[in-house]
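> I'd like to ask you about the structure that follows.
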Amino acid sequence: MSMNGSRAFALASVPAAAGLAWQQYRRAVRAVDGHPALAPELPGSRGQIHTGWGSVAYRVVAGDPHRPALVLVHGWGKTADSAWWPVIAGCERTMVAVDLPGHGYSRLEEPFSFQLAAEAVERAMVHAGVERPVLVGHSMGGPVALTILRRMGDEAFSGLVALATSAYWVRPRLRVMMAVAPYAMAPRSPFLIHNERAEFRLAPELADHIAWAYTRRPPRLLLDETALALRRFDARDWTDLSLPSTTWVIATRDGVLAPEHQLISARHFEAEVVEVDAQHSMVVQAPEAVLGILEGFGAGSLVA
């Protein structure tokens, strides 16, 4: 075939390839839509606090009064319930799960920042009446947790558990990833549909709850603002940051945040390291391992 013929064939193939990709996407959407979005039944009650910039919503669950409460800080594109429902449903400790500003039932009337997120968590802690809790942050919740510790001081907490997260998000690969993330992770995007189906395959018995969690994603503007905050985040040079007893939990098959990157952060803070055989969404993919870590925190050695 001549060069011109090859070029003509390639050009003619583009519409066919695009049509095939569209058909595959539509099949994937139908497969996702075939699962009813069923919210799990969760214990506890909701609290709401009005602020000058919006409002803070949280869920509080009463548990063992003899151990410090857990304050749960969700990750990017999640809410308190959609991120933590396996923990909320199965953990015996007192828990306060916070909707970050603009997420879930919390409202935000100005641009998102980690400082506002830290303020929201502090307000929820005070309103719920928990003292010296264990701070737990997953993914973007890690930077929020570090900002909270910088704001309140390590003496305000009994410990920190960091799940699949990092002290810095400014590496070139992450900067590019977070720049395109609001597009890739927008509702009904091919990437998001692919992720949802992958989670269905990993936990088919939880498919209806997983489908519900994907309906709880925040609007596109907030995804843009939180991705921008992440691209600028780097806590490695915070000389005024001191951490309480800390466990850094690494997702060994993480495709969002490389396990090596997570380990660098753990070593930077001289944290105890626990590895979990899971991808980035470890709370849903490996709930028993995460529950074991959270239930056992402060009670001796941790085994995932």
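> Given (1) at pLDDT 95 or above; (2) over 28 Å from Arg132 (Cβ atoms); (3) out of contact with any Asp or Glu (no Cβ under 7 Å at 6 or more places or on another chain), identify the lone condition not met by Ala12.
Going through (1) at pLDDT 95 or above; (2) over 28 Å from Arg132 (Cβ atoms); (3) out of contact with any Asp or Glu (no Cβ under 7 Å at 6 or more places or on another chain) one by one, Ala12 breaks only (1).
> Additional query: What pairs come up if the first residue lies in the range 91-111 and is more than 11 Å from Leu72 (Cα to Cα), the second is among the β-branched types (Val, Ile, Thr), and their beta carbons are under 6 Å apart, counting only those six or more places apart or on different chains?
Every condition considered, the pairs that remain are His103/Thr79; Gly104/Thr79; Ser106/Val56.
> Kindly check whether there is at least one residue in the range 152-171 that is modelled with pLDDT of 95 or more, of a type in the set (Val, Ile, Thr) and in contact with a helix residue (DSSP H, G or I) (Cβ under 6 Å, 6 or more places away or on another chain).
Scanning the range 152-171, I find at least one residue that is modelled with pLDDT of 95 or more, of a type in the set (Val, Ile, Thr) and in contact with a helix residue (DSSP H, G or I) (Cβ under 6 Å, 6 or more places away or on another chain), so the answer is yes.
> Okay, moving on. In the set Ser113, Ser82, Ser106, which member is within 22 Å of Tyr168 (Cβ to Cβ) and of a type in the set (S, T, N, Q)?
Numbers: Ser82 fails: within 22 Å of Tyr168 (Cβ to Cβ); Ser106 fails: within 22 Å of Tyr168 (Cβ to Cβ).
Selected residue: Ser113, the only one of Ser113, Ser82, Ser106 that is within 22 Å of Tyr168 (Cβ to Cβ) and of a type in the set (S, T, N, Q).
> Does Arg231 fit the bill of being within 19 Å of Thr147 (Cβ to Cβ) and within 20 Å of the chain's Cα centre (by Cα)?
Details: within 19 Å of Thr147 (Cβ to Cβ): yes; within 20 Å of the chain's Cα centre (by Cα): yes.
Against the criterion (within 19 Å of Thr147 (Cβ to Cβ) and within 20 Å of the chain's Cα centre (by Cα)), Arg231 qualifies.
Rundown of residues vs (1) surrounded by fewer than 18 Cβ atoms within 10 Å (Cβ to Cβ); (2) closer than 20 Å to Val290 by Cβ; (3) touching a helix residue (DSSP H, G or I) at 6+ places or on another chain (Cβ under 9 Å); (4) of a type in the set (A, V, I, L, M, F, W, C), yes/no style:
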| residue | (1), (2), (3), (4) |
| --- | --- |
| Thr51 | yes, no, yes, no |
| Trp76 | no, yes, yes, yes |
| Asp81 | no, yes, yes, no |
| Ile88 | no, yes, yes, yes |
| Val98 | no, yes, yes, yes |
| Gly129 | yes, no, no, no |
| Gly142 | no, yes, yes, no |
| Leu146 | no, yes, yes, yes |
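> Can you name the residue in the range 56-74 that is among the β-branched types (Val, Ile, Thr) and crowded, with 24+ Cβ neighbours inside 10 Å and is also farthest from the chain's Cα centre (by Cα) among such residues?
Keep residues of the range 56-74 that are among the β-branched types (Val, Ile, Thr), which gives 56, 60-61, 71, 73.
Narrowing further to those that are crowded, with 24+ Cβ neighbours inside 10 Å: 56, 71, 73.
Details: Val56: 18, Val71: 14, Val73: 8 Å.
Restricting to residues being among the β-branched types (Val, Ile, Thr) and crowded, with 24+ Cβ neighbours inside 10 Å, the top hit is Val56.
> A further question on this structure: Sort out which residues of the range 199-228 are among the hydrophobic types (A, V, I, L, M, F, W, C) and either without any contact (Cβ under 8 Å) to a residue 40 or more places away in the chain or within 30 Å of Arg151 (Cβ to Cβ) (or both), and write them in order of number.
Within the range 199-228, Ala213, Leu221, Leu222, Leu223, Ala227, Leu228 meet the criteria.
> Report those strands (runs of 3 or more DSSP E) wholly inside the range 51-146 carrying at least 3 residues which are small (Gly, Ala, Ser) and closer than 24 Å to Pro259 by Cβ.
Of the strands (runs of 3 or more DSSP E) lying wholly inside the range 51-146, none has at least 3 residues that are small (Gly, Ala, Ser) and closer than 24 Å to Pro259 by Cβ.
The values are calculated or read from the model by the stated rules, or taken from the named source; none is laboratory data. Because the structure is predicted, anything quoted here is derived from the model rather than measured. Every residue, glycine as well, gets a Cβ built from its backbone with ideal geometry; the counts of neighbours run over all protein chains shown.
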